[in-house]
Amino acid sequence: MCGIIGYIGKREAAPLLLEGLKRLEYRGYDSAGMALVHQGKLTAFRSEGKLSKLENKIGAKTPQGTIGIGHTRWATHGKPSEKNAHPHISKRVAIVHNGIIENYLELKKLLPHKGRELKSETDSEIVCHLMDAYVAKEENFLLALDQVLKCLEGTYALVIMDLKDPKHLYVAKKASPIVIGFGKHECFVASDIPAFLAHTNQITFLENDEIAVLSEESVDFYSKELKKIEKPIKEIAWTADMAEKGGYKHFMLKEIMEQPTAIRDTLLGRINKNKNQIHFPEIEKIFKGRFPNFNRFYMVACGTSWHAALAGRYYMEAIAKIPVSVDTASEFRYREPFIDKKTLLLVISQSGETADTLACVAMAREHGAKVISICNVIDSSIPRLSHATLYTNAGPEIGVASTKAFTTQLAVLLMLALSFGARKKSIDQRYLKKAIDGLSKLPRVMENLLKEKEKILKIAQKFVNSRDFYFIARGIHFPIALEGALKLKEISYVHAEGYAAGEMKHGPIALLEHNTPVVALAPKDRVCEKMISNIQEVKARGASVFIVASEGDKRFEKQNDEVFYVPDSLWYLTPLLISLPLQLLAYFVADLRGAEVDQPRNLAKSVTVE
Ligand code: M6R
């Protein structure tokens, strides 16, 4: 959950580290720090709070050095404070760490105490002292690192600097993500690609138990047994601009507005109008033109991605006629689900690094299941462990609140259900043609809808001071209501709940007071009449309703309610459209309340710890 960066090359490291940390701040932002070596001397800065505080501390006098490491923290062990901020330093060694060292209390007992008193409350600092103790015995830094790694239980991405040898940076990984960037006469290492994307798009992800030793000109990779290994370098198609705000006040707003392009890119190469086909070459090696006879089909994810999975179930059942069970990864992994060789697991993850989702993939593979993932970050841990990955092509998503990742996940799930349906002949060519036409027009429809964002701003202004929000819907829009509520609560800190509209009178309706906002999703579909009754029920209890309805539906006129219309579409496209006003509502409420939209408190973009 923390962001780490390292640089070695010919340029001054400090500005590059700060720039990298800025791009990684979405991973954690309760404290930050950096350390550099120049002419044998170590300079280190650490500060509680956001990166700007670290920058203020550094001031105008940027420290010198062409090798350095930096860290932005999301606290697990030890509260956010300067003393708990990274890098941790022990005599000859400086480290930054992402992950959790589970046996740190036991390791503490192993430490020769004199001169090595722990200064922080973190689990990470122990690694630094151990390294220094081993290197004092071992002299060879790589061998010392190997010894230390053997002692560690838990998860880590570590970047380590030997203050006696400013020509190398050491990197080790277990479970927490770490990627190396290859520049000209320089190398980068970071928790995520955007950290160095402005300088290189040549990358290699480290696998579990591997070690990398970086120097200006090259990187040496080692296996667990300390054998030198070759690893391919990949070129990633993302550009530096993609990781910039591009004139928007927040990444979240930029990413909301990017959805038409993100959807277009996600459809690209997959829908073929001429052939009336939806094609995922990535999964052909598993499906070989058919939908094989899986006995069980699970979809598993966390947070927003889980909401996409819940919506995906409606697609799979209604279009492909395939039964599927959906679970949150944190529950699935401990539920002893039935998994064997005839099981298909479909996992969804924007980052491809979410610890619980990754654990489900590993568990499924151990039992011989086939795993397909829907991910956004190319070559991240989940794709690397899956049999096949369908990428969402949304580009880097920096805002902690997931937006374009969600709608592109829906688009992939819909296309997948259509392609399964076509294989199983549960849908005919006419159905497919209509769907392909609808999907092709979707980006333009979204573009037009987003032009109406000022209408949502006005609605946000009306409700900005409300304490509680309820989001209600039926059918496939129920998961969209859950997502609308999650968006609002995570960035504005307003209490918000999503409910299946039919469930309101089984309890939650008791919570309604005069003017409590209820966001009701009521597009023209086969449950719309029922939604209208549910809207009347909440209005009768004093709720102030905001209805999202289909254009041309006259039933909501003259009701004195707030109504936002989305184009009347095919039922399976409406969830993507309805998501837009809900994302905008959350965004505007949060911004009007002065919340830190892109970096909400207590959260981090990738949850790489359990
Ligand atoms: O990277 P993932 O899609 O696996 O992340 C899952 C959740 O952590 C993520 O969707 C989270 O709920 C977002 N903050 C929601 O906006």
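The values are calculated or read from the model by the stated rules, or taken from the named source; none is laboratory data. Small disclaimer: the values here were computed from a predicted structure and weren't measured. Virtual Cβ from ideal backbone geometry, glycine too; neighbours counted across all protein chains shown. Ligands, DNA and RNA are stripped out before the accessible areas are found, and what is left, the full protein with its side chains, is counted by its heavy atoms. Shrake-Rupley method; radii C 1.70, N 1.55, O 1.52, S 1.80 Å.
Things worth noting here:
- Computed extension gain for L143 through N295, at 0.36 nm per residue and net of the alpha carbon distance, reaches 49.9 nm.
- Tilt relative to the chain, helix 429-450 - C-alpha long axis, 0 to 90 degrees, to 10: 70 degrees
- Classified by the C-alpha gyration tensor, region 452-592 has a rounded form. Its axis ratio a/c, with a ≥ b ≥ c, is below 1.5.
- Rough spin-label spacing in nm, given labels placed 7 Å along Cα→Cβ, for N560 and K524: 2.7 nm
- Summary of the geometry: region 2-23 and region 45-100, compared by the centres of their Cα atoms, lie 12 Å apart.
- Note on T239: accessible area is roughly 70 Å² with a 1.4 Å probe, heavy atoms of protein only.
- Heavy-atom accessible area ranking, 1.4 Å probe, most first, across W571, W306, W238: W571, W306, W238
- Of interest is the spacing of the C-alpha centroids, which for region 152-213 and region 299-355 amounts to 31 Å.
- Taking all protein chains as shown and a probe of 1.4 angstrom, S533 keeps an accessible surface of around 60 Å².
- In range of the label at K434: residues from region 305-329 whose backbone nitrogen is under 15 Å from the point 7 Å along Cα→Cβ: 318-320
- FRET efficiency estimate (nearest 0.05) - Cβ-Cβ, W571 to K227, R0 45 angstrom: 0.20
- A probe of 1.4 angstrom, applied to the heavy atoms of all protein chains, finds E562 with accessible area near 60 square angstrom.
- Farthest toward the positive end of the dipole of region 452-592, out of L585, V563, T574, is the Cα of V563, where the dipole comes from beta carbon charges about the Cα centre.
- The relative contact order of the chain, computed from alpha carbon pairs under 8 Å that lie at least 6 residues apart in sequence, is 12 percent.
- Each listed q (0.05, 0.09 Å⁻¹) maps to a log10 I(q)/I(0) for the chain from the Debye sum over equal C-alpha point scatterers, namely -0.23, -0.74.
- The K164 and K341 beta-carbon pair, evaluated with R₀ = 56 Å, returns a calculated FRET efficiency of approximately 0.60.
- The string of couplings for region 127-141 from the Karplus curve (6.51, -1.76, 1.60, θ = phi - 60°) is 4, 5, 5, 4, 4, 5, 5, 5, 5, 5, 7, 8, 6, 7, 4 Hz, one whole number per residue in order, with x for Gly and Pro.
- Close amide H contacts of F205 (hydrogens built in the peptide plane, cut-off under 5 Å, sequence separation of 5 or more or a different chain): I180.
- Centre separation in Å (Cα based) which lies between region 371-409 and region 474-537: 28 Å
- Expressed to the nearest 5 percent, the antiparallel share of DSSP beta bridges inside the chain is 60 percent.
- Value of relative contact order over region 253-446, rounded to a whole percent, pairs C-alpha under 8 Å and six or more apart: 30 percent
- Most to least accessible of L142, L580 (protein chains only, probe 1.4 Å): L142, L580
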